[in-house]
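Notes for the one structure printed next.
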Amino acid sequence: MKLITLGAVLLGLAASAMPASAHHSFAAEFDSNKPITIQGNVTRVGWTNPHVWVYMMVPDEEGKMVSWAFEMGAPQQVRRQGWDRNTLNTGDEIIVEGFLARDGSTRMNARNITWADTGLKLGAASSLDNGQ
């Protein structure tokens, strides 16, 4: 009986440690000294832990469409900013303010999202704002 209890406790500890090890701080992935604003159309929204991710197509300087991804806060943090799963839809044209990925890729951490057609602006629960 003690062996089963010990096994259950160890399994629980291992499972609870996995999400923490998979999460990185803002500073590890994004550069607060490199603010960026992009505008384009949403192609996909992923409401998954530990962060909501949004994918969009953005024209570069030459007009070529480039795929971008931006990270928002955790789903529960994003909800506190006024979002739900139906707030942002495929095809919506949005303006995203945030910070560029350290590796120079087309990824960013979003701070604010504004709808191009209505001007509605919502916070993105950026991990920079949350001290991560």
- Out of region 59-95, which residues are aliphatic (A, V, I, L, M) and either in contact (Cβ under 8 Å) with a residue 40 or more places away in the chain or buried (at least 16 other Cβ atoms within 10 Å of the Cβ) (or both)? VAL66, ALA69, MET72, ALA74, VAL78, LEU88, ILE94, ILE95
- Message: Can you find, within region 27-58, the residue that is surrounded by the most Cβ atoms within 10 Å (Cβ to Cβ) among those that are aliphatic (A, V, I, L, M) and in contact with a Leu (Cβ under 7 Å, 6 or more places away or on another chain)?
- Response: VAL54
- Please work out which residue is modelled with the lowest pLDDT, limiting yourself to region 96-132 and to residues that are of a type in the set (Gly, Ala, Ser) and surrounded by 18 or more Cβ atoms within 10 Å (Cβ to Cβ). SER127
- Log entry, pairs with first residue in region 103-114 being of a type in the set (Gly, Ala, Ser), second being modelled with pLDDT of 95 or more and not in a loop (DSSP other than H, G, I, E, B), beta carbons closer than 6 Å, six or more apart or on different chains, reads ALA110/PHE70; ALA110/VAL96; ALA110/GLY98
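The values are calculated or read from the model by the stated rules, or taken from the named source; none is laboratory data. All values reported here derive from a predicted model rather than from experimental measurement. Because the Cβ atoms are built from the backbone with ideal geometry, glycine has one as well, and the counts that use them run over all protein chains shown.
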